[in-house]
1. Taking the chain as a Gaussian network, where each spring joins two C-alpha atoms under 10 Å apart, which residue of 12, 265, 208 fluctuates the most?
2. Express in nm, to one decimal, how much length is gained between residue 326 and residue 77 on full extension, taking 0.36 nm for each residue of separation and deducting their alpha carbon distance.
3. Find the percent of Cα-Cα distances in segment 214-258 that exceed 16 Å, and round it to a whole number.
4. Quickly estimate the mean residue ellipticity at 222 nm for the chain, helices only: each DSSP H run with n ≥ 4 gives -39500 (n - 2.57), and the total goes over all residues, rounded to 500.
5. Quick check for you: which residues of segment 299-343 have the amide N under 15 Å from the point 7 Å beyond the Cα of residue 267 toward its beta carbon?
6. Could you tell me the convex hull volume per residue, in Å³, taken over the Cα atoms of segment 109-174?
7. What order do you get for 101-108, 171-178, 327-334, 32-39 when each peptide is scored by the mean count of other beta carbon atoms within 10 Å, highest first?
8. Please arrange 46, 91 by how many other C-beta atoms lie within 10 Å of their C-beta, fewest to most.
Ligand code: NAP
Ligand code: G4F
């Protein structure tokens with residue numbers, strides 16, 4: 001039988017790249033989507049297949065992580081061979097505003113899937129989208145032995161989902177793995193995460209429809225990689241004979257300030273003329289420095305990401321400029337081409353007029 005994947009969070013950045021990757025590798029893909037009053041499928045519309053047509057391999061199902069019965073009945077009905085648990089309230093700053101909701105979706109939501117899987121007795125492998133945020137203030141570089149010191153409701157919920165994944169493996173023998181992913185970005189990144197907020201603002205400043213961008217802490221350092229490379233690691237983890245918990249990142253890190261240098265500098269501009277600090281974007285507790293030590297992943301699954309933040313910045317600026325009909329310098333597109341990223345397509349992104357506030 002060919003592989004049948006069930007993805008929660010298919011409408012998100014990672015879910016969309018993962019669906020695209022799996023479809024291009026012959027999988028049947030089922031995705032959980034939320035009912036919204038407007039369409040929330042922009043990232044996967046280019047993958048849409050009419051389910052009435054024979055040969056369709058992408059199917060979308062309504063559900064919500066806060067309704068565990070919807071997830072449980074889907075798992076029983078679909079009998080997937082692989083489950084990717086990617087859905088989450090994934091914004092760290094927002095988790096301070098909505099700590100309980102974040103716990104319910106990002107923490108308990110994972111437990112609900114694991115429990116549904118156990119009860120259904122469906123023989124599926126399980127992947128949990130864990131996060132480098134679980135390391136919090138633990139000293140970099142962080143690896144599989146680094147203590148967890150979560151600094152936000154989001155991170156605390158991710159610690160819970162990490163240990164529930166381990167627990168279901170140990171207690172019930174599930175092939176359940178954690179991918180502890182460091183920050184990964186792309187042209188499909190949500191508009192309120194700092195990299196995309198910057199590249200989107202820069203494109204609008206070039207167009208003349210925005211004059212400033214308001215940001216928070218510019219000193220924090222992150223290990224920023226390119227999202228399509230990370231979804232291939234998720235699949236490799238599922239294919240690993242034994243369940244594993246692996247740290248995934250580039251091993252390089254830069255400050256937000258340096259990311260501003262890469263993006264504005266790419267267009268020959270000085271970011272200090274356009275950036276203002278707004279205390280609203282500071283966090284009650286910050287994670288100062290994340291850098292992955294991903295040696296174990298390299299050995300276990302042969303994962304070795306190619307794109308680092310300086311190139312990633314160009315990829316994202318090129319895409320956000322093109323989305324506004326501007327002529328980008330194109331160095332980012334060349335980086336992708338020369339690294340063989342031809343298996344995914346960017347949906348035709350249109351930037352909305354609203355400034356990203358997150
Ligand atoms: P994202 O773009 O924010 O996508 C989140 C997805 O979860 C969306 O599809 C969203 O649906 C869905 N979702 C949210 N609440 C839901 C609910 N109550 N029920 C069902 N679906 C719900 O996140 P991402 O960047 O792709 O990240 C994927 C996963 O990896 C997340 O778990 C995130 O926390 C984790 N992670 C991300 C990174 C990173 O750097 N990107 C690093 C480490 C870990 P809507 O489209 O309807 O909102
Ligand atoms: O882009 P961010 O919001 O990402 P953050 O908090 O690192 O979380 C992301 O990566 C995690 C993996 O480590 C994921 F688990 C999580 O789901 C998410 O994808 O912020 C990055 C840094 C922070 O230090 C933040 O304080 O940028 C700083 N920052 C400065 N100004 C800002 C802003 N962040 C945002 N979102 N908006 C600002 O205006």
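1. 208
2. Working: separation 249, 0.36 × 249 = 89.64 nm, distance 4.68 nm.
Gain on extension, residue 326 to residue 77, equals 85.0 nm.
3. Details: 530 of 990 pairs.
For segment 214-258, the share of Cα pairs beyond 16 Å comes to 54 percent.
4. Numbers: 12 runs with 133 residues, N = 358.
-11500 deg cm²/dmol, from helical runs alone.
5. Residues 313-332 qualify, since their backbone N sits under 15 Å from the label point.
6. Numbers: hull volume 5.3 nm³, N = 66.
Convex hull of Cα atoms, per residue: 81 Å³.
7. Values: 101-108: 20.1, 171-178: 18.1, 327-334: 15.6, 32-39: 12.0.
The most tightly packed comes first, giving 101-108, 171-178, 327-334, 32-39.
8. Numbers: 46 14, 91 17.
Fewest-to-most ranking of 46, 91: 46, 91.
None of the figures in this text is laboratory data; all of them are computed from the coordinates on show. Just so you know, these numbers come straight off a predicted model, no measurement behind them. All Cβ positions, glycine included, derive from the backbone under ideal geometry; neighbour counts span all protein chains shown.
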